[in-house]
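Below is one structure, written out as structure tokens; comments come after it.
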Amino acid sequence: NIEGAVDAALRCERVAEAFLLAYSKGPDFFHATFEAYVTSCNDAFVKNVIRYIVDDQIGDLVEKYSLDEWKECVALCHSLTKGNETLFKEHIDELAIRFTKANDHNNALLCYIISKNFSRILETFAFRTERFQKGSIDHTVFLLRTVEKLTALKVLTNNLASNSIVDRFIYELNKVLIQYKR
């Protein structure tokens, strides 16, 4: 009586034994056993992480993973996408969008760098420029650092084509530097 043994093992909190027995009965019974365990379990990690890994629902994992532990989510996505770079990038972009909605643009930027999404990186930098008054020293320093970062990120993301936003940053920086030269 495998079903009875699985039920008894779950009630005695012998989860590994329950899963091994359920696995011997076939994938449908294993999945039903797993669902019963997740439903009765109070562990948030099992409910919010293990469930999505077993069900191969990476998108749901990214959607529900705690933003405070986003680096773990990135690592899980990398492992679970099994070398599918396109799928990995999509999921990390989803995580970045969650950060943007939470008004955490620094972590959103880090996610866009990880996913090598240069257009979103540019949007984030363009958004940041609004914080500075044009002509101020802070704006000049921001422009200088941004041009440096964007130059490196263009190489990192293999996006070497000309870009109007990058060109605008360079133009504004040149304009400011020419004023300082005088």
Residue ID - surrounded by the most Cβ atoms within 10 Å (Cβ to Cβ), chosen from residues in the range 130-182 that are among the aromatic types (Phe, Trp, Tyr) and under 21 Å from HIS105 (Cα atoms): PHE169
Checklist (1) modelled with pLDDT of 85 or more; (2) under 30 Å from ALA16 (Cα atoms); (3) surrounded by 14 or more Cβ atoms within 10 Å (Cβ to Cβ) applied to ASN48, failing item: (1)
Residue count, the range 7-28 (criterion: open to solvent by 50 Å² or more (accessible area, probe 1.4 Å) and among the hydrophobic types (A, V, I, L, M, F, W, C)): 4
Selection count, the range 148-182, where residues are more than 21 Å from LYS116 (Cα to Cα) and part of a loop (DSSP other than H, G, I, E, B): 1
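Which ones in the range 89-129 are among the basic types (Lys, Arg) and buried (at least 16 other Cβ atoms within 10 Å of the Cβ)? Break it down into steps so the answer makes sense when it comes.
Of the range 89-129, the ones among the basic types (Lys, Arg) are 89, 98, 101, 116, 120, 128.
If the condition is that a residue be among the basic types (Lys, Arg) and buried (at least 16 other Cβ atoms within 10 Å of the Cβ), then LYS89, ARG98, LYS116, ARG120 are the ones that fit.
The values are calculated or read from the model by the stated rules, or taken from the named source; none is laboratory data. As the structure is a prediction and not an experimental result, all values here were calculated from the model. Positions of Cβ are generated from backbone atoms using ideal geometry, with glycine treated the same way; all protein chains shown enter the neighbour counts. Ligands, DNA and RNA are stripped out before the accessible areas are found, and what is left, the full protein with its side chains, is counted by its heavy atoms. Shrake-Rupley method; radii C 1.70, N 1.55, O 1.52, S 1.80 Å.
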